[in-house]
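J.: What follows is a structure written as structure tokens; I'll ask about it next.
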Amino acid sequence: MSDSHIQVTTLIEPCGLDEHPDCGIRDVLTRVGDKWSVLVIVELASGIRRFRELQRGIDGISQRMLTLTVRRLERDGLVTRTVYPTVPAQVTYELTALGSSLTDLVKQLADWSLDHRETIGRSRAHYDAQHPDNEIH
């Protein structure tokens with residue numbers, strides 16, 4: 001093992017051990033790391049959005065999935081939902097300070113994904129050619 005690997009593993013306490021049965025990492029990453037949550041955070045990083053604006057900005061998300069996603073993000077304190085007393089009611093969504101603190105990390109992940117998508121695509125094609133019966137997609 002390299003020195004840097006040893007240094008990193010000693011800085012991060014492993015979850016799931018007797019002394020760390022549930023450190024909370026999995027729970028938080030499940031929320032902020034899911035596909036739709038990341039895309040909602042990216043969309044809201046540009047500012048306040050109405051529901052339909054969010055839906056138009058996130059290709060492929062259904063109304064139901066967007067509703068669930070923004071409710072979960074609101075519950076976690078990452079998004080604020082504001083209802084205005086109009087007819088029909090106008091609802092807007094915006095990132096909280098906590099949600100905004102994620103935007104730099106999400107942007108880094110998005111940038112990394114764009115920088116490496118072709119390499120990953122080639123790796124997938126190579127793997128699939130070497131394993132024609134694989135069911136991994």
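None of the figures in this text is laboratory data; all of them are computed from the coordinates on show. Because the structure is predicted, anything quoted here is derived from the model rather than measured. Using ideal geometry, Cβ is built from the backbone for each residue, glycine included, and neighbour counts are taken over all protein chains shown.
J.: On the principal axes of its Cα set, how long, how wide and how thick is the stretch 33-93? Give whole Å, largest value first.
T.: Sorted from largest, the Cα extents of the stretch 33-93 read 34, 24, 22 Å.
J.: Turning to a different aspect of this structure: Residue by residue through the stretch 114-126, which ³J(HN,Hα) values in whole Hz follow from phi under the Karplus form 6.51 cos²θ - 1.76 cosθ + 1.60 (θ = phi - 60°), with glycine and proline marked x?
T.: Values, residue by residue: 5, 5, 10, 5, 5, 5, 5, x, 5, 4, 4, 4, 5 Hz.
J.: Filter the trypsin sites (Lys or Arg not before Pro) in the stretch 31-97 to those in DSSP coil with at most 13 other Cβ atoms within 10 Å of their Cβ, and list the result.
T.: Working: sites: R31, K35, R49, R50, R52, R56, R64, R71, R72, R75, R81; in loops: none.
Taking the stretch 31-97 and a limit of 13 other Cβ atoms within 10 Å, no loop trypsin sites (Lys or Arg not before Pro) are found.
J.: I've got another one for you. Using the Kirkwood radius over Cα pairs, work out the Stokes-Einstein diffusion coefficient for the stretch 23-130 at 37 °C and 0.692 mPa s, in µm²/s as a whole number. Don't jump to the answer; show the numbers that get you there.
T.: Numbers: Rh = 15.3 Å.
Using the Kirkwood radius from Cα pairs, D works out to 214 µm²/s.
J.: Among D59, D128, D27, which comes first, second and so on when ranked by fewest other beta-carbon atoms within 10 Å? Display every interim value, and only then the final one.
T.: Values: D59 7, D128 13, D27 10.
By the 10 Å Cβ count, ascending: D59, D27, D128.
J.: Then there is this: Using the count of nearby Cβ atoms within 10 Å as a rough guide to exposure, how do V70, V91 rank from fewest to most?
T.: Numbers: V70 22, V91 15.
Ordered from fewest to most neighbouring Cβ atoms within 10 Å, V70, V91 come out as V91, V70.
J.: Just want the ordering: H137, H131, from fewest to most Cβ atoms lying within 10 Å of their own Cβ.
T.: Details: H137 5, H131 10.
In increasing order of surrounding Cβ atoms, one gets H137, H131.
J.: Quick check: residue separation of E135 and T82 times 0.36 nm, minus the Cα distance between them. What number comes out in nm? Don't skip to the answer; put the middle values down first.
T.: Values: separation 53, 0.36 × 53 = 19.08 nm, distance 4.41 nm.
Gain on extension, E135 to T82, equals 14.7 nm.
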